[in-house]
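Computed from the coordinates by the stated procedures, all read-outs in this text should not be read as laboratory data. In this text the structure is predicted, and so the values were computed from the model without any measurement. Note that we place each Cβ from the backbone using ideal geometry, even for glycine, and neighbour counts take in every protein chain shown.
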Amino acid sequence: EKLFAPSGPLLGRHVLVTSGPTHEPIDPVRYIANRSSGKQGHAIARAAAEAGARVTLVSGPVDLPDPPGVTTIRVESARDMLRAVEEALPADIGVFAAAVADWRVANAGGQKIKKDAGALPELRLAENPDILATVARRGENRPPLVVGFAAETEHVIEHARRKLAKKGCDLIVANDVSSGTGVMGGDSNTVHLVSAAGVETWPTLSKNEVARRLVAHMAEIMAEMVK
Ligand code: CTP
Ligand code: CA
């Protein structure tokens, strides 16, 4: 295996990857979350390690093994994920593939809510920190290359362009998660790379192949930067 061989286009680089969903507790036994298998993020972490990088993977709750050769930090909530990401910086490349829950329950209870209490529970929501935007907009310790994801159900390119600007990242990997390609939890993905340079659409590929190509693409961008 080439996994731990000291070579590859990302040798000497630190790559930080977020993956999976986050779980936001309602009470000790219930949570709200996004749909996410973590397959794409984990594949990117693995591919970056195979390309010679030192890799830190910050993962929400997933049913996947920790990728070989990768330092994996498991977290539950968005706020835990942000904390772990901040602790892992600095990095040369940040890849934010996690499907972070946009909201958490502000009045989460310390005890299980009983449904026989009568009235329906009133859940108040609070907005979670935007991990990608927080890192992309950092003055100090901003990774030179920040990559975000956008899972969209319509107007994929348009929404991705808007996200690129709104978040302050260098590249958005956008995919269509409406029925058909890129089905959540599946093993293949059809992605569009959206950056200041324009839009590049890849054919439908396995998530492992998307990961390998994305890592190669990021290595090229890094090589260009030092020129
Ligand atoms: N992201 C993040 N922290 C959040 C929300 C999103 O780091 N609290 C990151 C995701 O990991 C992804 C990118 O931001 O790389 C886009 O996530 P997405 O959910 O598509 O964007 P939002 O800005 O949350 O917009 P919306 O859900 O309304 O489409
Ligand atoms: Ca979101």
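Here are some notes:
- Helix 39-50 axis, angle to the chain major axis (alpha carbon atoms, nearest 10°): 30 degrees
- Neighbour counts of other Cβ atoms within 10 Å put ARG142, ARG137, ARG13 in the fewest-to-most order ARG137, ARG142, ARG13.
- Taking LEU82, LEU120, LEU57 as the candidate residues, the one with maximal mean-square fluctuation in a Gaussian network model of the chain, Cα springs under 10 Å, is LEU120.
- Note on the chain: Kirkwood radius taken over Cα pairs, Stokes-Einstein applied at 37 °C and 0.692 mPa s, translational D equal to 181 µm² s⁻¹.
- GNM result for the chain, Cα springs below 10 Å: residue of ALA160, ALA99, ALA117 fluctuating most strongly: ALA117
- Under-5 Å amide H pairs with ASN34, H placed in peptide plane, nonlocal only: THR22, ALA101
- Neighbourhood net charge (14 Å Cβ-Cβ; Lys/Arg +1, Asp/Glu -1) for ALA211: +2
- Among the GluC sites (Glu not before Pro) found in the stretch 81-185, those both in a DSSP coil and sparsely packed, with 14 or fewer other Cβ atoms within 10 Å of their Cβ, are GLU122, GLU140, GLU154.
- Calculated mean residue ellipticity at 222 nm for the chain: -8500 deg cm²/dmol, from DSSP H runs with n ≥ 4 weighted as -39500 (n - 2.57), summed, divided by the residue count and rounded to 500.
- Too-long pairs where the Cα-Cα distance tops 31 Å, listed order kept, from LYS166/LYS227; LYS112/LYS166; LYS39/LYS114; LYS39/LYS163; LYS39/LYS166: LYS112/LYS166; LYS39/LYS114
- For ALA150, the amide hydrogen comes within under 5 Å of the amide hydrogens of VAL173, ALA174, ASN175, counting only partners 5 or more places away or on other chains and with H modelled in the peptide plane.
- Global form of the stretch 123-227, assessed from the alpha-carbon gyration tensor, a/c cut-off 1.5: oblate
- Taking every alpha-carbon pair under 8 Å whose residues sit at least 6 apart, the stretch 157-227 reaches a relative contact order of 22 percent.
- Approximating the spin labels as points 7 Å out from Cα along Cα→Cβ, the ARG124-to-LEU11 distance works out to 5.6 nm.
- Sequence-distant residues sharing a close amide H with ARG13 (under 5 Å, placed H): ARG54
- For the stretch 91-227, the relative contact order comes to 17 percent (Cα pairs under 8 Å, sequence separation of at least 6).
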